[in-house]
Amino acid sequence: MYQPKLEKDIRCPLEYGLEIFGGKWKSRVICVLSQKGVVRYGALRREMSNITDPVLSATLKELQEYGMIRREQYDEIPPRVEYSLTERGESVLPILHSICVWAGAVRSEEGGESIPHCRACNHRD
């Protein structure tokens, strides 16, 4: 397992929040789980399309460690694992929606091409 050379230097709550739900994949996983509810790994993988299995597994593990998602494993053959948002995970949805609205407005101001809402985002203007 990767061990960082330096201890994290978090000086503000925003930095901590971005560590929890920031980055390329975490917010996407949260949005998919928001739309789909309870999702098995394979379905989540299909929704994410261009993420690798190791990155998706690591992302799910991090989100679980922060209490953002729940992982439910069933003792069946074949094994079944389901993921869903926790209350904490659901509490970040308005924040992600605000970021989407802000980013869309900034992109329009810059004269950039419009970015459609991702199909996994159930928050539309």
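Worth a mention:
- Flag if Ile69 is in contact with a helix residue (DSSP H, G or I) (Cβ under 8 Å, 6 or more places away or on another chain), under 15 Å from Lys36 (Cα atoms), modelled with pLDDT of 90 or more and not charged (D, E, K, R): yes
- The condition of being touching a strand residue (DSSP E or B) at 6+ places or on another chain (Cβ under 9 Å) and within 18 Å of Leu14 (Cα to Cα) holds for only one of Leu60, Leu93, Leu44, Leu85, that being Leu93.
- For Ser27, the stated conditions hold: it is in contact (Cβ under 8 Å) with a residue 24 or more places away in the chain and among the hydroxyl-bearing types (Ser, Thr, Tyr).
- Residue within the range 99-122 that is under 25 Å from Gly17 (Cα atoms), of a type in the set (S, T, N, Q) and at pLDDT below 80 present: yes
- Unmet requirement for Leu56, which otherwise passes all of (1) surrounded by 12 or more Cβ atoms within 10 Å (Cβ to Cβ); (2) modelled with pLDDT under 90: (2)
- Of the residues making up the range 85-101, those that are part of a helix (DSSP H, G or I), closer than 24 Å to Tyr41 by Cα and in contact (Cβ under 8 Å) with a residue 40 or more places away in the chain are Gly89, Glu90, Leu93, Leu96.
- The one condition from (1) surrounded by 14 or more Cβ atoms within 10 Å (Cβ to Cβ); (2) modelled with pLDDT of 80 or more that Pro78 does not meet is (1).
The values are calculated or read from the model by the stated rules, or taken from the named source; none is laboratory data. All values reported here derive from a predicted model rather than from experimental measurement. Please note: Cβ atoms are built from the backbone with ideal geometry, for glycine as well, and neighbour counts cover all protein chains shown.
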